[in-house]
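Below: the structure, in structure tokens.
Laboratory data are not the source of any read-out in this text; all were calculated from the coordinates shown. This is a predicted model, so every value here is computed, not measured. With ideal geometry, Cβ positions are generated from the backbone for all residues, glycine too; neighbour counts draw on all protein chains shown.
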Amino acid sequence: MRKLGVLFAITMLIAACGGSAAPSGSQGPAATTEADLDITGPVTITLWHALTSDPQKGALEAAVKKFNETNGKGITVQAVVQGNYTQLYQKTLGAIQAGALPELAHAYESFVADYTKADVVIDLDPYVNSKKNGLDQASKDDIYKPYFDTNRFAQYGNKLLSFPFTKSLALMYTNEDVLKAAGVAVPKTWQEWEQAVQKATKKDANGKTTQYGYAGTSDASYFNAMVLSRGGKIMSDDNKTVAWDGKEGLETLQMLKRLYDGGYAYTPTNFDWQNDFAQNKLAFTFASTSSRPFIAAAMKTPVAWNVAAPPGGKTVMFGANVAIFKSTPQKQLASWLFIKWFSEQDNTADWATKSYYMPVRKSAANNEALKTYWSSKDPQGKQAYDTIGASIPEPNVRGQQDIRDVITNMYVSVMTGKATPEQAIKDAGTKANQILKDAQ
Amino acid sequence: MTGGAIAITQRAASRRRRLLIENVQAYLFLLPAFVVLLVFKIFPALYAIYISFFKWDIVQGAFRGIENYTDILFGSRAENWWRSVSTTITFALITVPFEIALALVIAYLLFQKIRGRAVYRTIYYLPYITATVAAAAVFEYLYHPQYGILNTILSSVGLGPLRFLQEPTGIFEMIGNRFGADVPAWAAGPSLSLVSVAIFSIWHFLGFQIVIFLGGLGNIPVEYYEAARLDGANPRQVFTRITLPLLTPQIFFVFTIASIGVLRAFNEIFVLTNGGPLDTSRTVSMLVFRTFFQQGQIGFGSAMGVLLTLLILAFTLVQFRVLERRVQYG
């Protein structure tokens, strides 16, 4: 009964304050006026985040320290780690029920969609557009548009409910040494890519693969990235049905199926592909740009490698954002001022050199320290940065988490031979559309 | 009324007073434990029942009566629910009997006077005190499709490689396929993935059961064995006629504990397969976790939690009814 007891205990914590409403809307924004206030006295705000380990944790703490020392308005930010993203989400849900939310929380789009259902998240548009405290037009143009897009929620009146924070990308990792040894050029189309994967694979006399061309997880994002790069779409324009179940999705599944069946591709266990890749035993994989330091660390001898958008040039945007919860006008403003500071050119550049996350501004590339860092230590960081403009956010509608499971199951059922690509994608599309319908 | 009667009444009154004080004292001693239980167990359990009657999607919504339950049992959630109930029971059926049989055999061997007995006993107990998550992470590598030692062994005898934790195909179907037979879907059996988790589970909990059985074996009077030997019983007869019957209390205990443990297993499944592949290892506790925490459907999640409790309760009751009669105490 212990596990159940824990579950119940958490239930109780979540429910501790009688449950019903989140902090009341009485202090919610009367928009323009509140965003145009001044900070009148010392304000302390708390940021809950999921950066559990260095260098990211240390980088955030250093940034917070710098902000606290230099903001000149008496704002003190306290960054509190709340475990990994799942734990952070659970604790935030609990805090909603208990009415004990922090002022700011690190959150994925799907979290923000859930929190907004409880009416605790503030609309950032008035703050962004405030003449006094907002972003000027140059800054708005400087921040990559996909970063704004991903934080606008169609199902909540297209409001900007969170702001880019720990951003990354889904990219294709290519081991150039392996390709060179196999005598293949870097592929420019999916057809060339498939051939490259086959040529880079090595098999022993019994036909057993000793070196794979491609390591592919069943994570929905990489399927989505492949669909996008073939020119397909993830969602229909009205957000009512999925669009990955079309021609591009089917071609993706069929191609991968051929690679799996031929012994050219495998499904990695956890992060073992990183070792394979770093030791010239793997040609391609798809992963987050945040995997860069782990690849570098796994190398015993230097390896020539790069990251890029898959053939076709489009990919999926990754990474989490930060949302401000309803509190007092002073605290909300202080929270916004911190976020705004964090996204300033030099600060976002500094963040990128220390955390491996992507900077949010185009102009960050002009930052000397970042330039030096890229050229001397992290050339792949620059490659990743150059693809931000080609990244497309994944849907942030409610139900998306379940749809991701549907895609994963579709992928697994095809690759393990439980269903044909045609049948699997048809069933998965039907299921996903039903989920969207139920979540309306 | 005589003086004697008054004295008796007074004595009775003082006895009652003493009894009262004793009772109050006893309850005071019980209070701390009771408060802890109340706050962390009883109240949350009752509150979960309360939640389960509401649409509680992130925030409390409309009262739904038993509709969450009917949706789970017969409605929109039924497919997933019954599938995970079936997975849970399958998991219990492949884990518990093997676990007990193996523990019994090993305990019996460890009870013999063999050299290095204490060392073996320690070794067999080690898995149980190893953190589940850490041990599961190690098993992930034993099961690794390319680098795992299991596949290395299998391929050295011309079998495999198998995908183990990534394999959604039923084991009977896999065996059938190897011999070119077409196995119908209903006979496919549990997925290799679920069986792999079960093997971990057996390995992990074996030590605890061995210790219980060792205790039981130590309680059997030596005279019985001596008498049996004098009567010319062979070792097999000694085991089946004396050891086994006199171990029934321990077997019953272990069976109950193991069944409950397996029915609400979570950590090992979470680490090894996270419910996949194709949901073939999504037991009820995994389903509750996903519904409650990952989908934020707190009402449904709580209702499933309550149903899981009832399921375990029913299971345990059946065990008590059916099996306790066969238990021989001393």
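Only helices at least 18 Å long along their axis, Cα-based, and averaging 0.5 or more on Kyte-Doolittle count here, so list those DSSP H runs from chain A.
Flagged H segments are A:2-15.
Could you work out how far apart the two model spin labels at A:ALA138 and B:VAL39 are, taking each label as a point 7 Å from the Cα in the direction of the beta carbon, and quote it in nm?
Label at A:ALA138, label at B:VAL39, 5.7 nm between them.
Please list, in chain and number order, the residues 5+ apart from A:VAL43 or on another chain whose amide H is under 5 Å from its amide H, with Hs placed from the backbone.
A:ILE75, A:THR76
For the range B:138-287, just the Cα set please: Rg and Dmax, both in angstrom.
Every Cα atom of the range B:138-287 included, Rg and Dmax give 20.6, 59 Å.
To make sure I understand the rule: partners must be lysines, Cα under 17 Å from the Cα of A:LYS66, and not fewer than 8 residues away in the same chain. Which ones qualify?
Partners found: A:LYS57, A:LYS340, A:LYS354.
Run the simple label-point estimate for A:ASN158 and A:ASP204 please: 7 Å along Cα→C-beta, distance reported in nm.
The modelled label-to-label distance comes out at 6.0 nm.
Treating only the Cα positions of the range B:1-146 as identical point scatterers, give the base-10 log of I(q)/I(0) from the Debye formula at each q in 0.11, 0.12, 0.19 Å⁻¹.
For the requested q values the scattering log ratios are -0.92, -0.97, -1.18.
With a Förster radius of 56 Å, plug the Cβ-Cβ distance of A:THR70 and A:THR301 into 1/(1 + (r/R0)^6) and report the FRET value to the nearest 0.05.
Once the sixth-power term is evaluated, E becomes 0.85.
Compute a Gaussian network model of chain B, connecting alpha carbons closer than 10 Å, and tell me which residue from B:GLY232, B:GLY296, B:GLY148 fluctuates the most.
B:GLY232
Return the lysines within reach of A:LYS240: Cα separation strictly under 20 angstrom, same-chain partners fewer than 8 residues apart disregarded; answer none if there are no such residues.
Partners found: A:LYS117, A:LYS159, A:LYS426, A:LYS431, A:LYS437.
Using only the C-alpha atoms of the range B:3-47, find the volume of their convex hull and express it per residue in Å³.
Numbers: hull volume 2.5 nm³, N = 45.
Output value, Cα hull per residue: 55 Å³.
Say each of A:VAL80 and A:THR328 gets a label point 7 Å from the Cα, pointing the same way as Cα to Cβ; how far apart are those two points in nm?
1.7 nm
Can you compute 3J(HN,Hα) from phi for each residue in the range B:48-65, using the Karplus curve 6.51 cos²θ - 1.76 cosθ + 1.60 with θ = phi - 60°, rounded to whole Hz and x for Gly and Pro?
4, 5, 4, 4, 5, 8, 10, 6, 10, 9, 6, 10, 5, x, 6, 5, 10, x
Net charge within 13 Å of B:ARG241 by Cβ-Cβ distance, Lys/Arg positive one each and Asp/Glu negative one each, not counting B:ARG241 itself?
+1
Efficiency by 1/(1 + (r/R0)^6): what FRET value for B:ALA181 and B:LEU126, r their Cβ-Cβ distance, R0 = 41 Å, to the nearest 0.05?
E between B:ALA181 and B:LEU126, to the nearest 0.05, is 0.50.
Short version: ³J(HN,Hα) in whole Hz for each residue of the range B:120-136, in order, from phi by Karplus 6.51 cos²θ - 1.76 cosθ + 1.60 (θ = phi - 60°), x for Gly and Pro, what are they?
For the range B:120-136, the Karplus curve yields 4, 4, 5, 4, 5, 7, 3, x, 5, 8, 7, 4, 3, 5, 5, 5, 5 Hz.
Comparing A:THR387, A:THR372, A:THR315, which has the greatest mean-square fluctuation in the GNM of chain A with Cα pairs linked when under 10 Å apart?
It is A:THR372.
Pick from A:ASN366, A:ASN321, A:ASN133: which residue has the top mean-square fluctuation in a GNM of chain A where Cα pairs under 10 Å get a spring?
A:ASN366
Using amide H atoms built in the peptide plane, which far-off residues or other-chain residues are under 5 Å from A:GLU394 H to H?
Correct list: A:MET317.
Using θ = phi - 60° and the Karplus relation 6.51 cos²θ - 1.76 cosθ + 1.60, list the HN-Hα couplings for the range B:288-299 in order, rounded to whole Hz, with x at every Gly or Pro.
4, 4, 5, 5, 6, 9, 8, 9, x, 8, 5, x
Report the far tail of the P(r) of chain A, meaning the percent of Cα-Cα pairs longer than 35 Å.
For chain A, the fraction of Cα-Cα distances above 35 Å is 34 percent.
Measuring from a point 7 Å past the Cα of B:SER86 along Cα-to-C-beta, which residues in the range A:398-440 have an amide N at less than 16 Å?
None, by backbone N distance to the label point.
Any chance you could run the full-extension gain for B:SER76 through B:ALA62? It's 0.36 nm times the residue separation minus the Cα-Cα distance, nm to one decimal.
3.2 nm
Would you compute, from DSSP H runs of 4+ residues alone, the mean residue ellipticity of chain A at 222 nm, taking -39500 (n - 2.57) per run and dividing by the full residue count, rounded to the nearest 500? Write down the numbers at each step before the final one.
Details: 20 runs with 205 residues, N = 440.
Calculated from helices alone, the mean residue ellipticity at 222 nm is -14000 deg cm²/dmol.
Whose amide H sits under 5 Å from the amide H of A:TRP305, counting only residues 5 or more places off or on another chain, with H placed in the peptide plane?
Those qualifying (amide H under 5 Å, at least 5 residues apart or on another chain) are A:GLU176.
For the protein assembly as shown, just list the percent of Cα-Cα distances falling in each 20 Å bin from zero outward, please.
Bins of 20 Å from zero give 14, 41, 32, 11, 2, 0 percent of pairs.
Add +1 for every Lys or Arg and -1 for every Asp or Glu among the other residues with Cβ under 12 Å from the Cβ of A:LYS314, and state the total.
On the way: positive: A:ARG230, A:LYS233; negative: A:GLU248.
Local net charge: +1.
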